[in-house]
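J.: Have a look at the structure that comes next, please.
A short reminder: the numbers here are calculations on the coordinates, not readings from a lab. Note that the coordinates shown come from a computational prediction; the quantities given were computed from them, not determined experimentally. Every residue, glycine as well, gets a Cβ built from its backbone with ideal geometry; the counts of neighbours run over all protein chains shown.
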Ligand SMILES: [Zn+2]
């Protein structure tokens, strides 16, 4: 396959904008568009301007392309923040207008996920057939190779982000899709561009969230109801981690039983 590509994102931009444990102001969108009958795909990188980046993409797409009723089109987005409720609504309107478009959205972080409107917005997207997922290592690697302007010899230098925040966002996205109360609380770390996460699980979470995901986070053994756990980022240094399963490898992530 051949790809038509605009500018690539700088390697430091990708590494920091898509870090699930960093609090970033920017919203970055890496997109791929495939046309049904063509072997070409179009890639582009954009960021929030005066409008949210999702809105700008949809406006640009509609201004540039004429989509016939039978032309299929596959769009994949890699977004550093999940769409807000207004963008979710714009996406739904767009997809209603172009029913042959298939959209998949990978997100690095959930944007203001405690806001009921944002939660409903994401649920509406999923109900409308949009595949919404949290970016994992394979997406980080894919984006690095296809969207990042890395230097020669840096092909394999893609960012290996810590897995815990990725799993935590995945857990919360499941809560949103299953219409469960939020289990994840996110707060900024003072004077740092970092996020700290705390997790509160209730019986409904243990009953409905995928056991494999709970197991990954070390949450299902033992699974008493009303357990409150928090994971904290305390800078570098050794940490004790639940059951020793999480090697903090100088990140200092650890679980605290409340
Ligand atoms: Zn938005």
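J.: Given 0.36 nm per residue, what is the gain on full extension from residue 7 to residue 120 after removing their alpha carbon distance, in nm? Mind showing how you got there, number by number?
T.: Working: separation 113, 0.36 × 113 = 40.68 nm, distance 3.38 nm.
Separation in residues times 0.36 nm, less the Cα-Cα distance, equals 37.3 nm.
J.: Could you put 190, 102 in order, starting from the residue whose Cβ has the fewest other Cβ atoms within 10 Å? Kindly include the intermediate steps, with their values, before the conclusion.
T.: On the way: 190 7, 102 16.
Lowest count first: 190, 102.
J.: Would the stretch 126-179 count as rounded, prolate or oblate if I go by the C-alpha gyration tensor, calling it rounded below 1.5 in a/c and otherwise prolate when a/b exceeds b/c, oblate otherwise?
T.: Working: a/c = 5.50, a/b = 2.02, b/c = 2.72.
In terms of gyration-tensor shape, oblate.
J.: Also, I was wondering about something else. Quick one: order 162, 167 by neighbouring beta-carbon count within 10 Å, fewest to most. Numbers along the way, then the final one.
T.: Details: 162 16, 167 20.
Neighbour counts put them in this order, fewest first: 162, 167.
J.: If r is the Cβ-Cβ distance from residue 163 to residue 66 and R0 is 45 Å, what FRET efficiency results, to the nearest 0.05? Before the final figure, lay out the partial values.
T.: Details: r = 43 Å, r/R0 = 0.96.
Taking R0 as 45 Å, the efficiency between residue 163 and residue 66 is 0.55.
J.: Compute the separation of the alpha-carbon centres of the stretch 115-136 and the stretch 1-21 and state it in Å as a whole number.
T.: Here the two parts' Cα centres lie 23 Å apart.
J.: Using Cα pairs under 8 angstrom and six or more residues apart, how large is the relative contact order of the stretch 9-165, in percent? Provide the component values of the computation, followed by the final result.
T.: On the way: 234 pairs, mean separation 39.5, N = 157.
Reported relative contact order: 25 percent.
J.: Further question on the same structure: Given R₀ = 30 Å, what would the calculated FRET efficiency be for residue 152 paired with residue 35, taking r from the Cβ atoms and rounding to 0.05? It would help to have the intermediate numbers written out before the result.
T.: Working: r = 32 Å, r/R0 = 1.06.
So the FRET efficiency works out to roughly 0.40.
J.: Give me the number: length gained by fully extending residue 86 to residue 177, i.e. 0.36 nm times residue separation minus the C-alpha to C-alpha distance, one decimal in nm. Please list the in-between numbers first.
T.: Working: separation 91, 0.36 × 91 = 32.76 nm, distance 1.77 nm.
Full extension of this stretch gives 31.0 nm more.
J.: Report the extension gain between residue 131 and residue 208 in nm, rounded to one decimal, defined as 0.36 nm multiplied by the number of residues separating them, less their alpha carbon distance.
T.: Working: separation 77, 0.36 × 77 = 27.72 nm, distance 1.97 nm.
That works out to 25.7 nm of additional length.
J.: Could you line up 92, 7 from fewest to most neighbouring Cβ atoms inside 10 Å?
T.: Values: 92 17, 7 11.
Going from least to most buried by this count: 7, 92.
J.: If a/c stays under 1.5 just call it rounded; otherwise compare a/b with b/c (prolate if a/b is bigger, oblate if not). Do that for the stretch 9-165, with a ≥ b ≥ c from the square roots of the Cα gyration tensor eigenvalues. Each step should come with its number before you reach the end.
T.: Details: a/c = 1.87, a/b = 1.23, b/c = 1.52.
Cα axes put the stretch 9-165 in the oblate bin.
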